[in-house]
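Working notes, structure below.
The values are calculated or read from the model by the stated rules, or taken from the named source; none is laboratory data. Keep in mind it's a predicted model, so treat the numbers as computed, not measured. Note that we place each Cβ from the backbone using ideal geometry, even for glycine, and neighbour counts take in every protein chain shown. These area figures cover heavy atoms from the full protein model, side chains too; ligands, DNA and RNA do not enter into them. Shrake-Rupley method; radii C 1.70, N 1.55, O 1.52, S 1.80 Å.
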Amino acid sequence: MAQTRAPRADAVRNRKKILDAAREQITLHGPDAGMDEIAAAAGVAVGTLYRHFPTKTDLVAAVVAEYTTHVAEAAEAARERLATGARAVDEITDFLARVTEATATNHAVKVAARALGADPADRDAEARAGAALAALIQAGQADGDIHQDVTVDDIYLLFSTAPTDQPPAARARWLTLVLTGLTTHTRTGGTGIAS
């Protein structure tokens with residue numbers, strides 16, 4: 001039985017450079033960003049780009065899958081902080097803010113994925129994020145900070161309504177409004193929630 005070798009360090013570096021450049025170029029130019037321009041922005045030869053990603057659809061799907069993995073890691077890190085005494089409601093608030101900002105950055109990439117018919121689904125990362133969010137929600141409910149009827153699906157629904165194409169102030173206002181629907185706390189002066 002043949003053993004699978006770990007990718008060479010330069011191949012790993014090139015893949016990261018390509019993904020970063022693709023995110024940047026698609027954010028700037030939308031789905032029409034060219035593979036040649038992405039390769040140039042990454043500082044790699046076009047052949048290197050195509051060796052990693054045979055089609056633009058594959059490349060865009062990989063960028064979105066990377067984003068999904070980051071969301072899962074953020075949710076898991078928030079869940080782990082509960083063990084060190086963090087409040088679930090604070091972790092959920094921070095998670096919503098971070099993911100909304102990351103989504104704003106990756107908004108153009110998601111539009112490109114839809115336009116290209118890319119299926120960026122990373123079922124493992126989605127399941128990991130869902131499990132971590134469920135734990136956060138349950139802890140917040142046990143603390144009396146999160147409404148009892150809030151579910152993971154509600155969090156995903158909220159993300160689908162986030163004003164990711166708006167300036168940071170609009171996203172902050174959205175978060176303030178969303179938190180009143182999730183938490184049992186009353187609003188304070190329109191800028192946050194009371195503890």
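Identify, please: which residue in region 40-63 is polar (S, T, N, Q) and over 22 Å from the mean Cα position of the chain (by Cα) and is, among those, most open to solvent (accessible area, probe 1.4 Å)?
Going through the qualifying residues, I end up with Thr55.
Looking at region 96-143, which of its residues are part of a helix (DSSP H, G or I), modelled with pLDDT of 95 or more and not small (Gly, Ala, Ser)?
The answer is Leu133, Leu136, Ile137, Gln138, Gln141.
Quick check on this structure: which one of Glu66, Glu24 is acidic (Asp, Glu), within 17 Å of the chain's Cα centre (by Cα) and outside the structural domain of Gly144 (by TED's automatic domain parsing)?
Glu24
Hey, could you check region 69-88 for residues that are of a type in the set (Gly, Ala, Ser), surrounded by fewer than 16 Cβ atoms within 10 Å (Cβ to Cβ) and not in a helix (DSSP H, G or I) and say which is farthest from the chain's Cα centre (by Cα)?
Checked region 69-88; the qualifying residue farthest from the chain's Cα centre (by Cα) is Gly85.
Going by what's in this entry, would Ala127 be described as under 18 Å from the mean Cα position of the chain (by Cα), surrounded by fewer than 18 Cβ atoms within 10 Å (Cβ to Cβ) and more than 24 Å from Lys16 (Cβ to Cβ)?
It is true that Ala127 is under 18 Å from the mean Cα position of the chain (by Cα), surrounded by fewer than 18 Cβ atoms within 10 Å (Cβ to Cβ) and more than 24 Å from Lys16 (Cβ to Cβ).
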